[in-house]
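A.B. asks: For reference, the structure I am asking about is given below.
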Amino acid sequence: MKEQDLSQVTIIYYHEQSLELLHLVGYFPKKQNGRVILSDTFKKGKSIIAVCEGEINIMNKIGDRILPMSKIA
């Protein structure tokens, strides 16, 4: 696959066993209509929330500021 056939994207997703919001920046192939192709192997066990064009700098996510219960008291 040629380099121009790959797009840099940031994928935001949940893993099936966790409620932690995760993200991955990578290069993925795309169709002629511009849609990125995620393999079934990559998608297995994940709930994809968003596919964003380019590298996204996520500064805060859901749960980043939650303190452990022992620190609340």
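A.B. asks: Whether any residue in segment 42-60 is surrounded by fewer than 11 Cβ atoms within 10 Å (Cβ to Cβ), among the basic types (Lys, Arg), on the phi < 0 side of the Ramachandran plot and at pLDDT 75 or above is what I want to check.
C.D. replies: Taking every residue of segment 42-60 in turn, at least one turns out to be surrounded by fewer than 11 Cβ atoms within 10 Å (Cβ to Cβ), among the basic types (Lys, Arg), on the phi < 0 side of the Ramachandran plot and at pLDDT 75 or above.
A.B. asks: Looking at (1) under 14 Å from the mean Cα position of the chain (by Cα); (2) hydrophobic (A, V, I, L, M, F, W, C); (3) modelled with pLDDT of 90 or more, which is the only condition Leu6 fails?
C.D. replies: Condition (1) is where Leu6 drops out.
A.B. asks: Ok, one more. Pairs only if they're at least six apart or on different chains, beta carbon under 7 angstrom, first in segment 19-41 and under 15 Å from Glu55 (Cβ atoms), second part of a loop (DSSP other than H, G, I, E, B) and of a type in the set (D, E, K, R); list them, first residue then second.
C.D. replies: Filtered contacts from segment 19-41: Val25/Glu55.
A.B. asks: Next up: Output the number of residues of segment 7-47 satisfying the condition of being farther than 28 Å from Asn60 by Cβ, part of a strand (DSSP E or B) and of a type in the set (D, E, K, R).
C.D. replies: Of the residues in that region, 1 qualify.
A.B. asks: Determine whether segment 12-24 contains at least one residue that is touching a His at 6+ places or on another chain (Cβ under 9 Å) and surrounded by 16 or more Cβ atoms within 10 Å (Cβ to Cβ).
C.D. replies: yes
A.B. asks: Output the residues belonging to segment 27-41 that are exposed (fewer than 13 other Cβ atoms within 10 Å of the Cβ) and either of a type outside the set (A, V, I, L, M) or within 10 Å of the chain's Cα centre (by Cα) (or both).
C.D. replies: Those that are exposed (fewer than 13 other Cβ atoms within 10 Å of the Cβ) and either of a type outside the set (A, V, I, L, M) or within 10 Å of the chain's Cα centre (by Cα) (or both): Lys31, Gln32, Asn33, Gly34, Arg35, Ser39, Asp40, Thr41.
The values are calculated or read from the model by the stated rules, or taken from the named source; none is laboratory data. These figures come from a predicted structure and were not determined experimentally. We place every Cβ from the backbone using ideal geometry, glycine too, and count neighbours over all the protein chains shown.
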